[in-house]
Structures are given as structure tokens and as C-alpha cells.
Amino acid sequence: MKFGEKVRLLRNEKKLSQTELGKMCGLSLRTIRNYEVDGRYPKQREVYAKLATALGCEINFLLSEDEEFVLQAQQSYGYKGAKDAEELVADVSALFAGGELSENDKDAVMRALQDAYWMAKERNKEKYTPKKYRNPIEVEE
């Protein structure tokens, strides 16, 4: 579920209008509408905290969007895997949303995460693939 969908869902559960939520958080109606309708995100981490307080949820709920990743981790690795995945998604989301990193630094973080993923995948392939399946069969010409 996307950030804006979560804001709308929680706001409706609390029976708040967009205007009321905006006033509670010190935001304009237009800003709340941009989050819910246009798919925009807060630029400052403090806004996430204000929204979480007003909506009665954890800040990490608003920060994380990749529940599918978390669910897959839970199915594959149990509770610990889900918790680790949830924390990773929340931390990376917060890092990117906070505006503290330059665009070049954000790109470097993404490249490092992708490199770590592919290296782990290769290690696991070597570790868990039976030897008879590791080398492709050579085709005779």
C-alpha cells in the first residue's frame, strides 16, 4: 500500500477531513490532497512523525511501502526475516525521504544495495546448488 493510500485509510478511520488532518499537523489542505491523490511524499521526516501522531500509527507504517517484500521475507525466513526486512525498508525509506542525502549519494546507496543483493544471490547459488547443476552443459558443434 502506498503512502497516500495509508494516509487516506487512517484519516477515514479516524473520521477526519483532509482539512482537519492538515490543521492537526500544521499542513495545508493542498498538501494532504497531494499526498492522498497525487502520490506525493513529505520532504521532511518531521512531517511523517506529525502525521503518525495525528493518525495514531507508528511512523514506520507510513514510511514502509513494500509489504510484499516483508511478507516474502516472513514466509522464507520466519518472524526474524520479516522484522529485519521491515526495518531495512523503513530505514531506507526514511533515508531517502529525509532529504539529507544528495542525489549522487542516494544513487550510491542504491547501487550498494543492489550489489549486496546480487553478491548474496551468487553466494547462495554456489552454496545451495548441487555441483552437478552448477556448470552448464557444453554444447558440441
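The values are calculated or read from the model by the stated rules, or taken from the named source; none is laboratory data. All values derive from a computational prediction rather than experimental measurement. Cβ: placed from backbone, ideal geometry, glycine included. Neighbour counts: every protein chain shown.
Of the listed requirements (1) within 24 Å of Leu101 (Cβ to Cβ); (2) modelled with pLDDT of 75 or more, Asp84 misses just one: (2).
Taking first residues from region 27-38 that are without any contact (Cβ under 8 Å) to a residue 12 or more places away in the chain and assigned by TED's automatic domain parsing to the domain that holds Leu10 and partners that are surrounded by 17 or more Cβ atoms within 10 Å (Cβ to Cβ) and not hydroxyl-bearing (Ser, Thr, Tyr), the Cβ contacts under 8 Å between residues at least 6 apart in sequence or on separate chains come to Ser28/Gly22; Leu29/Gln18; Leu29/Gly22; Thr31/Gly22. Residue-level analysis places Glu100 outside the set of residues that are surrounded by 13 or more Cβ atoms within 10 Å (Cβ to Cβ), modelled with pLDDT under 75 and assigned to a loop (DSSP other than H, G, I, E, B).
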